[in-house]
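Q: What follows is a structure written as structure tokens; I'll ask about it next.
The values are calculated or read from the model by the stated rules, or taken from the named source; none is laboratory data. If you're wondering where the values come from, they're calculated on a predicted model, not measured in any experiment. Counting neighbours? That spans all protein chains shown, and the Cβs are built from the backbone with ideal geometry, glycine included. Areas reflect the complete protein model, heavy atoms only, side chains present, ligands, DNA and RNA absent. Shrake-Rupley method; radii C 1.70, N 1.55, O 1.52, S 1.80 Å.
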Amino acid sequence: MAIQWLRCGHHVYVVSTWRGSRVASIMLYHLLLQAVNTLQSAGVSPGQPHLLLYHLYDGDEVKKAVNDLSQAAMGGSLYVIVDEVVGELSRSYRINNFQTLCKKLLKQVPRLHLWAGSCFHRHAPAGWQVEYLTRPLRSPPAVVREVEHVERITRHRAVKLYSERGVPDHTDGPPVTRLYHRGQGHSGRRPGDCVTCGREVASFLHSLRVGVTENSTTSSTTLTSTSGDTPPCLQWRDVLVLDWSDISDNWGMVTGLQEAGIPVRVMKDDDIEDVATARSDVVWVTDGRHVRGLERKVVVCLKYNDYDFVKSELLPRYIRVSPRLDLMSRCTSQLVIVCPLAA
């Protein structure tokens with residue numbers, strides 16, 4: 001929809017409402033910039049995308065967002081895209097502020113065009129049109145089967161059930177690979193703490209021949225996409241290692257990958273744009289809470305259990321979250337699960 005708005009000459013505002021939507025918003029913004037270049041090359045005079053970053057954690061931020069967007073409205077018209085509106089941490093707090101933002105904008109902008117996306121389906125402002133996109137077109141069936149067991153879908157119904165894909169499955173996708181944080185040489189409570197787990201993940205990535213630039217297609221591994229096409233050989237930027245905790249450069253997992261010759265970096269705040277655009281050809285290791293909406297061909301998930309408890313960013317307590325839903329669903333081809341001791 002945003003590209004159609006741009007094609008019609010409208011300015012489009014990509015709005016991030018909290019930290020967890022930063023990567024998705026920045027990625028979308030850069031995709032729209034590419035679309036603008038394509039349209040200009042075709043002789044079209046498109047509008048321009050704009051990126052606005054907010055933390056809708058309090059009334060002041062909501063007020064600022066409303067003022068900024070109201071002033072941006074041209075001739076009473078405003079075109080807004082908001083992705084990853086709601087995450088699992090402190091959801092009710094963010095939901096209320098987002099709904100307040102929508103209601104106030106609707107009052108101040110006569111012709112408001114606002115599209116928002118979230119996997120949680122019960123939180124749209126009252127009276128707004130809702131569309132459910134449930135066809136699993138991004139991940140192969142092997143990954144979908146892992147994700148669809150999450151209780152957010154099967155029990156709580158907070159996320160809609162998957163529907164039929166609607167197109168033939170040319171392949172089931174690469175089988176899900178499980179590595180185990182137990183046995184000789186393993187140390188630490190979690191896979192992320194363990195150098196041996198890092199070495200085993202590195203060994204599997206080398207078996208996929210990630211980063212290999214040989215001309216011979218017979219000696220390089222490719223992963224078949226859900227459409228049946230054969231993508232080019234894997235690069236390091238196609239790999240994402242996700243946990244659900246704070247991560248440091250001296251993590252055992254990072255050390256094990258480095259010792260095996262994997263170009264690996266731990267994502268910091270300054271790296272968000274680099275990660276969103278896959279600019280650097282490296283394996284990024286990061287907290288899954290901070291890259292919602294980002295997808296990679298190969299995802300290494302360091303959380304196996306359906307639920308975990310993590311400290312809230314806002315509240316003085318621990319909150320139940322679902323790594324299976326948020327981490328495994330980022331994979332578009334090869335899923336690797338590193339199972340902790342308890343699994």
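Q: Filter segment 254-276 down to the residues that are at negative phi and in a loop (DSSP other than H, G, I, E, B) and list them by number.
A: Passing the criteria: ALA260, ILE262, PRO263, MET267, LYS268.
Q: Given the criteria hydroxyl-bearing (Ser, Thr, Tyr), modelled with pLDDT of 80 or more and under 29 Å from LEU106 (Cβ atoms), does TYR162 qualify?
A: No: the conditions fail for TYR162.
Q: Looking at (1) crowded, with 21+ Cβ neighbours inside 10 Å; (2) modelled with pLDDT of 90 or more; (3) touching a helix residue (DSSP H, G or I) at 6+ places or on another chain (Cβ under 6 Å), which is the only condition THR277 fails?
A: In the conditions (1) crowded, with 21+ Cβ neighbours inside 10 Å; (2) modelled with pLDDT of 90 or more; (3) touching a helix residue (DSSP H, G or I) at 6+ places or on another chain (Cβ under 6 Å), THR277 misses (1) alone.
Q: In this structure, is PRO110 open to solvent by 90 Å² or more (accessible area, probe 1.4 Å), farther than 22 Å from VAL85 by Cβ and not polar (S, T, N, Q)?
A: Yes: the conditions hold for PRO110.
Q: Also, quick follow-up: Which pairs turn up if I take residues in segment 118-131 that are without any contact (Cβ under 8 Å) to a residue 40 or more places away in the chain and look for partners that are in a loop (DSSP other than H, G, I, E, B) and open to solvent by 50 Å² or more (accessible area, probe 1.4 Å) with beta carbon separation below 6 Å, at least 6 apart in sequence or on another chain?
A: Pairs found: HIS121/LYS160; ALA124/VAL130.
Q: For the subset of segment 77-95 comprising residues that are open to solvent by 20 Å² or more (accessible area, probe 1.4 Å) and farther than 18 Å from GLY117 by Cβ, which member is modelled with the highest pLDDT?
A: So the residue we want is SER77.
Q: Confirm whether LEU69 is of a type in the set (A, V, I, L, M, F, W, C) and more than 24 Å from the chain's Cα centre (by Cα).
A: Judged against the criteria, LEU69 is a match.
Q: Another question about this same structure. Restricting attention to segment 301-343, and to residues there that are closer than 30 Å to CYS233 by Cα, assigned to a strand (DSSP E or B) and of a type in the set (A, V, I, L, M, F, W, C), which single residue is modelled with the lowest pLDDT?
A: Among them, the one singled out is CYS339.
Q: If I filter segment 177-214 down to residues being in contact (Cβ under 8 Å) with a residue 24 or more places away in the chain, assigned to a helix (DSSP H, G or I) and open to solvent by 60 Å² or more (accessible area, probe 1.4 Å), which single residue comes out as nearest to LEU234 (Cα to Cα)?
A: Filtering first and then ranking leaves HIS206.
Q: While we're looking at this one, here's another question. In this structure, is ARG279 outside any strand (DSSP E or B) and in contact with an Asp or Glu (Cβ under 7 Å, 6 or more places away or on another chain)?
A: no
Q: For segment 38-66, how many residues meet the condition of being among the polar types (S, T, N, Q) and within 28 Å of the chain's Cα centre (by Cα)?
A: So the answer is 2.
Q: Of all the residues that make up segment 30-81, how many are without any contact (Cβ under 8 Å) to a residue 40 or more places away in the chain and closer than 16 Å to GLY9 by Cα?
A: Counting residues in segment 30-81 that are without any contact (Cβ under 8 Å) to a residue 40 or more places away in the chain and closer than 16 Å to GLY9 by Cα gives 18.
Residues are listed down the side, and each one gets a yes or a no for (1) in contact with a helix residue (DSSP H, G or I) (Cβ under 8 Å, 6 or more places away or on another chain); (2) closer than 26 Å to GLN334 by Cα; (3) open to solvent by 30 Å² or more (accessible area, probe 1.4 Å):
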residue	(1), (2), (3)
ALA72	no, no, no
LEU105	yes, no, no
LEU114	yes, no, no
GLN129	no, no, yes
ARG135	no, yes, yes
PRO140	no, yes, no
ARG155	no, no, yes
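Q: Please go through segment 16-44 and pick out each residue that is open to solvent by less than 40 Å² (accessible area, probe 1.4 Å), among the aliphatic types (A, V, I, L, M) and in contact with a helix residue (DSSP H, G or I) (Cβ under 7 Å, 6 or more places away or on another chain).
A: Of everything in segment 16-44, those that are open to solvent by less than 40 Å² (accessible area, probe 1.4 Å), among the aliphatic types (A, V, I, L, M) and in contact with a helix residue (DSSP H, G or I) (Cβ under 7 Å, 6 or more places away or on another chain) turn out to be VAL23, ILE26, LEU32, ALA35, VAL36, LEU39.
Q: Of the conditions (1) at pLDDT 95 or above; (2) touching a His at 6+ places or on another chain (Cβ under 7 Å), LEU51 satisfies every one except a single condition; which number is it?
A: Of the numbered conditions (1) at pLDDT 95 or above; (2) touching a His at 6+ places or on another chain (Cβ under 7 Å), the odd one out for LEU51 is (2).
Q: Just name the residue that is nearest to SER322 (Cα to Cα) out of those in segment 50-69 that are open to solvent by 10 Å² or more (accessible area, probe 1.4 Å) and touching a strand residue (DSSP E or B) at 6+ places or on another chain (Cβ under 8 Å).
A: LEU53
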